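Notes follow once the structure below has been shown.
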Amino acid sequence: MPASIVKNARLAAQEARMRLCVQLRTLLRKYNPDLDIDAELTALNNKVHVAPDAPSTVSDMEESIMAQGEYEWHESPQPGLTNKTHLSTCKDGMAILPNRNAGYLGRSSGSDILQEIAALLPPSTTIRPRENARSEASATNNSRQYIDPPNLISSAVTASLVDAYFQMYNTSYPIIHETTFREELSNRDHVSSSTTWRIIYYMVLAIGHWLLNDSTSLEQCPYYSAAKSRISMQLLEAGTIRTVQGLLLMGNYLQKRDRPNTGYSLIGLAQRIAFGLGLHRERSSAEDKLLFERYRQIFWIVYCFDSGFGITTGRPMAVLEGCTDQALPRNIDDQNCNESSLVSLPVDIPTTYSALIAQAKLAKVANGIYHEFLCAKTANQKIEYQIAETMAQKLSAWRNCLPTYFTSPDVPSWFLGPRSIVLWKEQNLRILLWRGAKRHHPYLSARTDSKECYLGAAMETIHSISSFCTTADTDLHPGISWYATYFIFQAVLVLEASYLKKRAQGHVMTEGLNDLEVSISVARNCLETIARHSNSATLCLDVIDRIHHSTESQSRDTSSSQQTGLSGLNDCANPDVDLIDPLGWTCQMEDVATDPILRDMINDAFLDFTVSPTETTADFSLPSILGDDLTITQDGAEI
């Protein structure tokens, strides 16, 4: 064959490959306009190989992580972990259930309520959820059909997800202005090249997908993956309202999808950008345009997220009181307005912003309570009764000032969930407040003691959530069931601890104990209802059942169901000390992730507490209750 023919054939093949490369680049830009192809190719060619001495197994990796820092956390799926293993090692976004890899959980963490209960049970009791319970929880809702990635661009699918987002999520946290978003969506060819708009768009779809398909795992959601792929350093090099909105959506979504630390970090980024944009300062303008009202709304969502996340994790809050003069949002109906429109007059009916306004006012009170709580704990004290009473009066004043549509039965069905969540938050704050307060008023003995206050708040929470779930079962979507599970599980654990303490002290079954039993039973039945929609509720239900199984086993294995098995407690404990007094006990918990909102109150729950070992045939070790790294100390000695 002549050399010229061979040369021409090679040139033709080379040109064909060049055309193919151009076509591939065009295709990539079409489906991912933000992708820097040359940069990605350079990074691929310069890929750094793992050093030979790097951790090669999951266990080696965990040891390396622990050696680096006690509070480091890693929430992304690790190589080599099966789905089942990952279920048992990842955290729950409520930070309630015992788990590892939690990051720092401060002194208000709800994990301590489980520690307290564990101390009142036989030392070998296991109340950590069974692994098969996690699998069962994952399989509970598998009958629901989830959307496959090919449906990502289906207009019918996206329309249903957008509708779900605005009906079920935006009514609690109006991060997005619906009219503006839908206008942009109908003309997305003009805005689709914007990275921040695409993040918002895909997160709206991801949240709608979660609300309609809760059984789908985070990794299976194509919309979240699409939004995640657009987060980059380049994005953070510019501060825009859209960036704040996108980060808020992603951060709150990740908390609900059991990635609380990642969500916490993203909320922090949104907060810093919001400060950089001056959203915390009121702006004067000749015209009262909706755009400036949107600034108020977004800032107060940032404020509420900071307050809620801070209390939930026991971490410091970033927004200091007195450093902002941004006015509260107004209760306006802006469905037919755009951001250039003038703000309409406030209305006396539920709107998209009604729940946010109430929650923002509540968050300001909550921050004051949390500040007093942390100050007392830092000094190893409890909140003075008088201060707690003043804070409780502020909560009552907040409730009394709520518009009538927060109590009226004649409201739109979409508003029932948002308003209930806000009211449950207030009751949860009462539990936090009174459990962290001294039990009696120093001068006025006729005042109701703090224990009765927090038990009453816990029982009211249980019956309120149970009533809601009974009457609104068909409307119990994941956005509501997440909060219902969170609040009712904390409340029932408070009652469980009080009930077990009374049994440990040998108290007879009084009317008060019967009230506790009834409320605990109501809570369990409610969690069974929620478990039809929520994997987390299934796991919480399993914990409660294991607590009851342990108490029943203890009663069978002792000659006296009221005293034997915990008699050592009465012999050594001061009868004047409430056994669930946070100052009465001490516990050291290492690397255990559970909800922080009550953790601090009971973090010192085991000082001078001795439990006589009770022989049982089952393996109910306390480390297995709350993690392998849990130790209980007494006078410096490890038990």
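Would you confirm whether or not the stretch 242-264 contains a residue that is of a type in the set (G, A, S) and more than 27 Å from D163 (Cα to Cα)?
Within the stretch 242-264 (the criterion being of a type in the set (G, A, S) and more than 27 Å from D163 (Cα to Cα)), the answer is no, since none of the residues qualifies.
Just give me the residues in the stretch 353-364 being of a type outside the set (K, R) and within 20 Å of the chain's Cα centre (by Cα), in sequence order.
Residues satisfying the conditions are A355, L356, A358, Q359, A360, L362, A363.
Would you pick out the residues in the stretch 337-384 that are part of a helix (DSSP H, G or I), touching a Ser or Thr at 6+ places or on another chain (Cβ under 6 Å) and not small (G, A, S)?
Within the stretch 337-384, N367 is the sole residue that qualifies.
Any residue in the stretch 458-472 that is assigned to a helix (DSSP H, G or I) sitting within a Cβ distance under 6 Å of a residue that is of a type in the set (S, T, N, Q) and modelled with pLDDT under 95? List the pairs, counting only those 6 or more apart or interchain.
What qualifies is M459/S519; I462/S519; C469/T529.
Looking at the stretch 365-404 only, could you name the residues that are under 24 Å from the mean Cα position of the chain (by Cα) and either farther than 27 Å from H280 by Cβ or assigned by TED's automatic domain parsing to the domain that holds G308 (or both)?
K377
Output the residues belonging to the stretch 315-343 that are under 20 Å from G278 (Cβ atoms) and surrounded by 15 or more Cβ atoms within 10 Å (Cβ to Cβ).
Matches in the stretch 315-343: M317, A318, V319, T324, Q326, L328, P329, R330, E339, V343.
So L429 fits all but one of (1) free of Cβ contacts under 8 Å to residues at least 24 places away in the same chain; (2) in contact with a helix residue (DSSP H, G or I) (Cβ under 7 Å, 6 or more places away or on another chain); what number is the exception?
(1)
Of all residues in the stretch 171-202, how many are closer than 21 Å to G479 by Cα and in contact with a Gly (Cβ under 6 Å, 6 or more places away or on another chain)?
Counting residues in the stretch 171-202 that are closer than 21 Å to G479 by Cα and in contact with a Gly (Cβ under 6 Å, 6 or more places away or on another chain) gives 2.
Among (1) at pLDDT 95 or above; (2) surrounded by fewer than 22 Cβ atoms within 10 Å (Cβ to Cβ); (3) within 19 Å of L433 (Cβ to Cβ), which single condition is I357 missing?
Only one criterion in (1) at pLDDT 95 or above; (2) surrounded by fewer than 22 Cβ atoms within 10 Å (Cβ to Cβ); (3) within 19 Å of L433 (Cβ to Cβ) is unmet by I357, namely (3).
Output the number of the condition that T390 fails; it satisfies all remaining conditions of (1) crowded, with 20+ Cβ neighbours inside 10 Å; (2) β-branched (V, I, T); (3) closer than 20 Å to E452 by Cα; (4) at pLDDT 95 or above.
It is condition (1) that T390 fails.
Considering only residues that are touching a residue at least 40 places away in the same chain (Cβ under 8 Å) and within 26 Å of the chain's Cα centre (by Cα), which ones fall in the stretch 273-299?
Hits for the stretch 273-299 are L279, H280, R294, Y295, Q297, I298.
D334 versus (1) assigned to a loop (DSSP other than H, G, I, E, B); (2) more than 24 Å from Y165 (Cβ to Cβ): which is the lone unmet condition?
(2)
The values are calculated or read from the model by the stated rules, or taken from the named source; none is laboratory data. Because the structure is predicted, anything quoted here is derived from the model rather than measured. Here Cβ is always computed from backbone atoms with ideal geometry, including for glycine, and neighbour counts include all displayed protein chains.
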